[in-house]
1. Could you tell me which of rounded, prolate or oblate describes the range 292-364, using a ≥ b ≥ c as the square roots of the eigenvalues of the alpha-carbon gyration tensor, with rounded for a/c under 1.5 and, failing that, prolate when a/b is larger than b/c and oblate otherwise?
2. Assign one of three labels to the range 201-243, namely rounded, prolate or oblate, based on the Cα gyration tensor with a ≥ b ≥ c the square roots of its eigenvalues; rounded applies when a/c is under 1.5, prolate when it is not and a/b is larger than b/c, and oblate otherwise.
3. What would the Debye formula give as log10 I(q)/I(0) at q = 0.18 Å⁻¹ for the alpha-carbon point model of the range 29-117, no solvent?
4. Using modelled backbone amide H atoms (1.01 Å from N, in-plane), which distant-in-sequence or interchain residues come within less than 5 Å of Y115's amide H?
5. Would the range 244-392 count as rounded, prolate or oblate if I go by the C-alpha gyration tensor, calling it rounded below 1.5 in a/c and otherwise prolate when a/b exceeds b/c, oblate otherwise?
6. Percent antiparallel among DSSP beta bridges with both residues in the chain, to the nearest 5?
7. Distance in nm between label sites at K34 and E89, each 7 Å beyond Cα in the beta-carbon direction?
8. Based solely on its DSSP helices, what 222 nm [θ] is calculated for the chain when runs of n ≥ 4 H residues each add -39,500 (n - 2.57) and the sum is averaged over all residues, nearest 500 deg cm²/dmol?
Amino acid sequence: MKKMKKIATLLPALIIVLAIASCGHKNEQQPIHKIGVIVYDLKDEQVQAFRQYMEGYLGKNFSDVDFLYSAGITTEEEEMEFLKDAIEEGVEGIIAFNSFDLEKEVELCASGGVYYLRPSSTTDPEDFDKVADNPYFLGYFGPGNEMEYQAGYDMAAYFAEEKISDSYFILSGGAGSNVMHEQRTEGMLDALQKAYGVQFDQSSTELASASEPVSMEAGALKVTVFPGYIGVTDVGEKAVAAFEKDPAGVVMSTIPVQTIADSLKDASLGTIDCYTQANGRLFKNGNLKYLCGKYESIIGPAFAAMYNAVTGYSEDFREDGKAFTIQQGFWVSTSYQDFQKKYELSSGITLNAYSYEDLLEVCKAHNSNATLDDLKKLAGAWDFDSAVQRRK
C-alpha cells in the first residue's frame, strides 16, 4: 500500500515534467522567421514607437517571429552592409524604413532569397517601376506623393488662416534626396503663396530641394527654408543659429522637431511626424500647434504582408504578378485634447488601432481565405474613425 501511495503521489509531478519537456521540444521544433529591420536612428521617437509595436507587441503575439534591428543607417554604404550581414544571419525578409538605392537593395536581397518591403513610406514611382516585377520586392505602404504634398499644404494653410505670423521657418529635412520631405515642403510653399496671393521668383520645387538655407519675401510673406536632418547635432545647431539670426513666428517641419524645440522660443510649431509622448509634451506646453502624424500600429498591415511572404504565401499577395502599393495616411491634431484621444488608441496594448486579431485575419497561415484585397481593405482603414470602429 505504501508503494502504491508513493507512485500515486509521484505520478502528477511526472506528468507535469513530461508536459514541460514536450512543450519545450515543440518550441524548439517551431520554425522561427527572422525579419531584418532597417532604421535611420534608434533614438528617434518614431523609430522607438514602431519598434515597441513590432518587438513588444507583435513579437510577443507572433511567437514564430524574431526581429533583427539595424543600428542607425544614414548612408547607402551602411545600408548595403547591413543587408549583407542580415542575409548571412539568415533573415527571410527585410522591412526597410529608409532606402537609398531601392534597385540595388532589392537585387541584393533577391540574390539571397530574401523578401524586401517598405512600410510607412513613400517610394518614387520611377524607382518602384524598376523593381515592381521582382518577386522578392513585396511593395510599399504609405501616403504616396499626393498625400505627402497635401500634408504639407494643409499644415501651411492652417497656420496662414490662423494669422499667427507672416514669417515662416521651414525645416525641409532631406528634401532634395528624400521624396517624402520634398513633397511636404512643396505643399507648404504652395499653400503659403496661395494664402498670401503672392509668387516667389523661384518655383516651389526648386526651393524645396535646395541643399543650402534659402530665404525669400513676397508682399507680407517671409519664408526661410532650412534643409538637413536636425537630429544630427551640428545640423540642429546650425538650424537654431539661422532661426535666432532671423526669428520667425511659425516653424513648420517635415521631420521630428523635438531636438531643437526648446531653442525656438515662442514660435508656434507644426510638424509631420508621429503620435509620440514627446509631441504630447510639446502640445501640453503650448509649443506645438499642429501635428500631422503616423502612429505606432499603422505598420501592422505591413508586418502582415511580410509574414505572408516568409510563411510561403508571397505569390498570393501580388498585384497582377507585380508588387503592390497600398496607401495609408496621417492623423491630424491641433489641440492637446485631440492629441490625447488619438494617442491612447495609437499605442495601446489592450486597445490598439491595429490589433493582433486584426492582423490574423489577413495572414494566410492563420486564415486560409485571406487575400490581397482583404489586406488592402484593412490597411486602407487607417483613419482614426475606422480604428475606433474596429475597437468597438
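The values are calculated or read from the model by the stated rules, or taken from the named source; none is laboratory data. Keep in mind that what you see is a predicted model, and the values were worked out from it rather than measured. All Cβ positions, glycine included, derive from the backbone under ideal geometry; neighbour counts span all protein chains shown. Heads up: the accessible areas ignore ligands, DNA and RNA and are worked out on the full protein's heavy atoms, side chains in. Shrake-Rupley method; radii C 1.70, N 1.55, O 1.52, S 1.80 Å.
1. On the way: a/c = 4.42, a/b = 1.96, b/c = 2.26.
Taking the square roots of the gyration eigenvalues as a ≥ b ≥ c, the range 292-364 is oblate.
2. Numbers: a/c = 3.71, a/b = 1.72, b/c = 2.16.
Here the range 201-243 falls in the oblate category.
3. -0.77
4. Residues meeting the criterion, in which the H sits 1.01 Å from N, are G93, I94.
5. Details: a/c = 3.30, a/b = 2.19, b/c = 1.51.
Prolate.
6. On the way: 10 of 50 bridges.
The antiparallel proportion sits near 20 percent.
7. Result for the modelled spin labels: 0.7 nm.
8. Details: 16 runs with 174 residues, N = 392.
About -13500 deg cm²/dmol.
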